[in-house]
Amino acid sequence: MNSNLLSNPISSEVFTSIDLGTNSFKLLIVQAEPSGRSFVPIERLKEPVVLSRESPTSISSQSQARALQSLRKFKSLILSHHVSGDRIRCVATEALRRAENQEEFVDAVFEDVGLKVDVLSGEEEARLVYLGVLQFLPVFEKSVLCVDIGGGSTEFVVGKCGDVKLAVSLKLGHVNLTQMFMKNGIGLKEMRDYIRHAIDESRLAEKLNESDGFEVVVGSSGTIRAIENAVFSGYGADLCDFNLEGYKRDWRFGTRELSSVVAKLCSEGDEELIRREGFFKRRSEFIVAGAVLLEEIFKALGIEDMEVSEYALAEGVIADSLAKAFDGSYDLNANARWRSVMRLATRFSGKKRMTHAIHCAKIAKVHSFSRAT
């Protein structure tokens, strides 16, 4: 049933991105300023689909059913915000890139939900991740290495002033590594060897040196955000005598903190398994593979410190859509400037007070956009 997304009155400044990831589907709806210079999120929804759960090389009938069910929920929200059809972009990543029945799945989505799916190349995914990072962190003028660990692949991109200098996609993801090693009982050592070989074979370190290196490293995926949260919360801190007293969240972590979390995650026993599931919840199934992968990336590339971005592919798709819709007038720095003020404020105030303040600021910003239109 190819429903018409344009059947209701539309809002020309409301934009939507849908990220069909290997592990989860994400919906983001934003309100853009009339000038298209910046945006504010007004709706988010995440669904744990796991496209490759039954098969690593094709989308099973079970996965397709889960996917369509999630996309119907997304469609309802899109319709409730009266989003114009040309303001919606739906992108897919590694699971669909390698799926033998990719075309069949894409056709099913269009027939059932009326959404056209754009299957991104690894390099284009990396570029959009970089654009997303620029919406959260004020690193526009720096040479930035962005690392985004997905369920089926990891994207590496070096960018500066909005231009991509290097983009590499490796078929290393927390879902496929879990399925290959953790669930088959092969072991952590073999998984580490596999990761090291894949990174070495890609010549990633050499390519980074050839592109003049980088000044800042930013991690932008859900896995990396979960690890940062574990560091901030003291998960595994006892293993390295890491003292949280007086520690203020700064959205970053180093090799020492990462290693302590990985060591704790890799420890055995029912007690640790229960603790892991309680802390990481839905992500607990794949967090060990994701954390080990990140640790090996740190070692291979000589990374000592990583900043963390809350924004990634979905926000990058929005930024790219705004740049096209407003004929290049979109300001890649606008959102990062606002977010940097919020991040600074959180270091000097309580979490509940700042959550309330940010919520009020978003409401005020949306209302100001509405009055301007």
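Bear in mind that the values in this text are calculations on the coordinates, not laboratory data. Please read these numbers as outputs of a predicted model, since none were measured by experiment. Cβ coordinates were reconstructed from backbone atoms using ideal geometry, including for glycine residues, and neighbour counts include every protein chain displayed.
Remark: the range 212-218, residue by residue, has Karplus-estimated 3J(HN,Hα) of 6, x, 8, 9, 9, 10, 10 Hz, where x stands for each Gly or Pro and the curve is 6.51 cos²θ - 1.76 cosθ + 1.60 at θ = phi - 60°. Once backbone amide H atoms are built at 1.01 Å from N, ILE42 has ILE29, VAL30, GLN31 as its partners under 5 Å, excluding neighbours fewer than 5 places away on the same chain. By the count of other C-beta atoms within 10 Å, a proxy for reagent exposure, LYS160, LYS142 are ordered fewest to most as LYS142, LYS160.
Applying the criteria of a DSSP loop state and at most 15 other Cβ atoms within 10 Å to the GluC sites (Glu not before Pro) of the range 259-318 yields GLU268, GLU304.
Bin all alpha-carbon pair distances of the range 285-332 at 5 Å intervals from 0 and give each bin's fraction as a whole percent. P(r) for the range 285-332, in whole percents per bin: 5, 16, 14, 15, 15, 11, 11, 11, 2. Which net charge results for the neighbourhood of ALA325, defined as the other residues with beta-carbon distances under 14 angstrom from its beta-carbon, given Lys and Arg at +1 and Asp and Glu at -1? Here the charged neighbours net out to -2. Cα-based values for the range 137-308, radius of gyration first and Dmax second, are 15.9, 48 Å.
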